[in-house]
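Take a look at the structure set out below.
What follows draws every value from the coordinates through simple rules; no lab data is involved. Just so we're clear, the structure is a prediction, and the values are computed from it rather than from any experiment. As a convention, Cβ positions derive from the backbone with ideal geometry for all residues, glycine included, and neighbour counts pool all protein chains shown.
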């Protein structure tokens, strides 16, 4: 893969993790106070 493409994908991934960090800033789980399917799915796709 060309270095330019790697840079683009890394930047996109970084922006998505920054968004996720903002979503989790004031709560423990994505949907609030309780673990949900969204949290399990997030764990799966980020592994």
Inset, instruction - With the condition kept exactly as written, say whether any residue in segment 16-32 is assigned to a helix (DSSP H, G or I), surrounded by 10 or more Cβ atoms within 10 Å (Cβ to Cβ) and touching a strand residue (DSSP E or B) at 6+ places or on another chain (Cβ under 9 Å). - result: no
Inset, instruction - Considering each residue of segment 33-47, count those that are more than 14 Å from the chain's Cα centre (by Cα) and surrounded by 11 or more Cβ atoms within 10 Å (Cβ to Cβ), and give that number. - result: 2
